[in-house]
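Engineer: Let me give you the structure first, and then I'll get to my questions.
Read the figures in this text as sums done on the coordinates, not as results from a lab. Quick caveat: nothing in here was measured; it's all calculated off a predicted structure. Please note: Cβ atoms are built from the backbone with ideal geometry, for glycine as well, and neighbour counts cover all protein chains shown.
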Amino acid sequence: MKTPAKRIGPRHPRLAAAVYRLTLWLSERLMARIGFHRIGSEFANRTMAAIRERLQRGETVYIAGLAASGMHNTGIALIEVT
């Protein structure tokens, strides 16, 4: 008995890649508009530099972490950095 051929991946890979890039571009802008920024973004880099400066002066910094809902181990964390 011959097993049926299985297709792994999208039927139209170039179309899938283009839609992925478009979706990523749109979601980054929409999430940034409501205050969620991606690591490596200009905003995130400026914020991390400001945090480093405050830590070098001996200040305590509090960082809030939020995991995406619907994912494994979702939750919120408040981290004290000294």
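Engineer: Return the loop-located GluC sites (Glu not before Pro) in the chain (DSSP other than H, G, I, E, B) with at most 12 other Cβ atoms within 10 Å of their own Cβ; answer none if there are none.
Structural biologist: The qualifying sites are E59.
Engineer: Could you tell me which trypsin sites (Lys or Arg not before Pro) in region 7-64 are loop residues by DSSP with no more than 11 other beta carbons within 10 angstrom of their beta carbon?
Structural biologist: R7, R11, R57
Engineer: In deg cm²/dmol, rounded to 500, what helix-only [θ] at 222 nm does the chain give when every DSSP H run of at least 4 residues adds -39500 (n - 2.57) and the total is split over its residues?
Structural biologist: Estimated from H runs of four or more residues: -15000 deg cm²/dmol.
Engineer: Please work out the FRET efficiency for the pair R38 and T3, using the Cβ-Cβ distance as r and a Förster radius of 25 Å; give the result to the nearest 0.05.
Structural biologist: Using R0 = 25 Å, I get an efficiency of 0.05.
Engineer: Would you mind checking the tilt of helix 42-56 against the longest principal axis of the Cα atoms of the chain, expressed as 0 to 90 degrees and rounded to 10?
Structural biologist: Roughly 30 degrees between the two axes.
Engineer: Give the shape of the chain as rounded, prolate or oblate, defined through the alpha-carbon gyration tensor: a ≥ b ≥ c are the square roots of its eigenvalues, a/c under 1.5 means rounded, and otherwise the shape is prolate if a/b is larger than b/c and oblate if not.
Structural biologist: In terms of gyration-tensor shape, prolate.
Engineer: Report the gain in length on full extension from R46 to I76: 0.36 nm times residue separation, minus Cα-Cα distance, nm rounded to one decimal.
Structural biologist: Full extension of this stretch gives 8.5 nm more.
Engineer: Percent relative contact order of the chain, based on C-alpha pairs within less than 8 angstrom and at least six residues apart?
Structural biologist: For the chain, the relative contact order is 16 percent.
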